[in-house]
Each structure stands twice: as structure tokens, then as C-alpha cells.
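Working notes, beginning with the structure itself.
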Amino acid sequence: MTVDLEVPARALAIGAHPDDIEFECGATLAKWAEEGCEIGLLVLTDGSKGTWDAEADLAALAKRRAEEQAEAARRLSESAAVRMLGAVDGELEVTMELRSAVAKVIRELKPQVVLGHDPWQRWRLHPDHRAAGFLTTDAVVAARDPHFFSEHGIAHHRPDEVLLFECEEPDHFESVTEAHLETKVQALLAHESQFETTHEISNQKDIQPFRDKLTRQAQQTSSPFDLGEGFRRLSGV
């Protein structure tokens, strides 16, 4: 087990949907941003299926979710760079076109650390999370070698570390403080369209239970810290 990487100069988190990144590594990103790290967020889908309203205007929802994602990123770090690839929510697939697009962002932002979904999590139901994980790991390989997608016209880039979230057996932990956790909460609260679904918030009284739930998750028994976020660490990528 390892703990607390040296704060990277640049980090890129890759998520399937708006709010995935904040749920899984928001406190870690807040900590690194506080210490001067340049934070990048890459969201692969448009989030247009993120509602239980069968009559919803999905184009309007996608626009709203992009706006919410921009605000959530700002709450994590005033200077965060947000990219959205716009794949249709629920239809994300592991294609060469998307691998190229993700690899291009890695080359452009040149992160020392890439964070993303663990594609090998067993019994995963959501196909977008699985696809996002493989797109991330595949793109890291592509971005590091000069003969993959040379049409980008950008120098290849090899990250130092990959941290996979949603993993079953974390072997790396980042310590966070209550302040970092609160920044994560505030970033998630920017995703107001998700209050009914993933957040389970129907009124102001539900915000504290939501905060308490995230605190309990950060107090996971396998962590060596009072508050932390866990990952599967891939070094020497």
C-alpha cells in the first residue's frame, strides 16, 4: 500500500458522466489544487440520460449538465480546465475514434497523474463506466508513444501515474481534510439536476445526510487516514 503522492504539477481526471469525477476523487483534486496543481477534468458523455423524467427535454438537460460541470470544476479549482467529449449518455463505446480523442487531451494537458474509472471492477452494471475505464487506460498507452495517432501533431506524453477509482481493492490512498471534503460536497451540489437521482436530495434538509454519507465513505476502514480517498495505483505506465 502507498499513500499521498507528491503533489503533481498537473493532473487529469477522466469520468464517464458529469459528477462522476467529483464523487470519486473530488477531495483529492481539491487538495492538489490547493497546493498548486493544475487540474483538468475530461467528461466523456453529455449526461443526457441523467433524469427519471420520461418527458424530459434531453438536449436541454445535456446543456444544463455541461453548465453544472463547469461550475463544479470551478468549485474544485478556480483554474480547472474542463473538456467534454459529448458522447451520448448510455451509449459510450470503446472505439478508436474516442481513444484518439482522449489521448489527444492527455497530450495537450500533459498530466503527471491521470485518474479514471477502474474498468476491471467485477459485476459493474453501468456500461459507460466500464467503457470510460478502458478508454482511459487505452488512451494512456496511446498518448505515451509517438506512432499512435501521429496525426494529432502534438508531442507524445507519458504520465507518471494512473490512479483508478471505483476499484475493489485500493492499494493507494490520498489523505484529505474536512475542508477538502467540504469542497467536494460543494462541487457535487453544483449538479442540481442530479439531486433526485444520484444525490437523493429532495429539500435542504437532505443536504446534511448527503454530506454525512460522503464523510462515511471517506472514513473507509481500509484507509490509513481518518479521511481519505482510495485508488488502484498503476506506476511506470
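The values are calculated or read from the model by the stated rules, or taken from the named source; none is laboratory data. This is a predicted model, so every value here is computed, not measured. Cβ placement follows ideal geometry from the backbone for every residue including glycine, while neighbour counts extend to all protein chains displayed. These accessible areas exclude ligands, DNA and RNA; they are computed on the full protein's heavy atoms, side chains included. Shrake-Rupley method; radii C 1.70, N 1.55, O 1.52, S 1.80 Å.
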> Given (1) 21.3, 85; (2) 16.6, 48; (3) 16.9, 54 as candidate values of Rg and Dmax of the Cα atoms in Å, which corresponds to the one derived from the coordinates?
Replying inline: (3)
>> Quick check on the range 29-145: what are the equivalent-ellipsoid semi-axes from the Cα gyration tensor, as sqrt(5λ), descending, whole Å?
In response: 23, 20, 13
> Which parts of the range 166-209 would a label at D53 reach, counting a residue when its backbone N lies under 19 Å from a point 7 Å out along Cα-to-Cβ?
Replying inline: 189-204
>> Using a probe radius of 1.4 Å on heavy atoms only, what accessible surface per residue do you get for the chain? Whole Å² is fine.
In response: 47 Å²
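Looking at the range 55-98, which GluC sites (Glu not before Pro) are in a loop (DSSP not H, G, I, E or B) and have at most 13 other Cβ atoms within 10 Å? Each step should come with its number before you reach the end.
Working: sites: E55, E67, E68, E71, E78, E91, E93, E97; in loops: E55, E78, E91, E93.
Of the GluC sites (Glu not before Pro), the ones in loops of the range 55-98 whose Cβ has at most 13 other Cβ atoms within 10 Å are E55, E78, E91, E93.
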>> Treating only the Cβ of Lys, Arg, Asp and Glu as charged (+1, +1, -1, -1), what charge dipole size does the range 109-193 show about its Cα centre? Round to the nearest 20 debye.
In response: 280 debye
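Would you mind calculating the gained length between V7 and Q217 on full extension (0.36 nm times residue separation, minus the Cα-Cα distance), in nm to one decimal?
Values: separation 210, 0.36 × 210 = 75.60 nm, distance 2.26 nm.
Fully extending the segment from V7 to Q217 adds 73.3 nm.
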> In deg cm²/dmol, rounded to 500, what helix-only [θ] at 222 nm does the chain give when every DSSP H run of at least 4 residues adds -39500 (n - 2.57) and the total is split over its residues?
Replying inline: -12500 deg cm²/dmol
> Which percent of the accessible heavy-atom area of the range 31-142 goes to carbon and sulfur, probe 1.4 angstrom?
Replying inline: 53 percent
> If you find the alpha carbon centre of the range 21-55 and of the range 64-122, how far apart are they in angstrom?
Replying inline: 8 Å
>> For the chain, what is the number of Lys pairs with C-alpha distance below 25 angstrom, counting only pairs 8 or more positions apart or on separate chains?
In response: 12
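Within the chain, which DSSP H helices have Cα atoms that stretch 15 Å or more along the helix axis and a mean Kyte-Doolittle hydropathy of at least 0.5? Before the final figure, lay out the partial values.
Working: long enough: 20-34 (20 Å, -0.06); 58-76 (27 Å, -0.63); 96-109 (20 Å, 0.38); 127-144 (26 Å, 0.08); 178-189 (16 Å, 0.07); 207-218 (17 Å, -1.07).
Qualifying helices: none.
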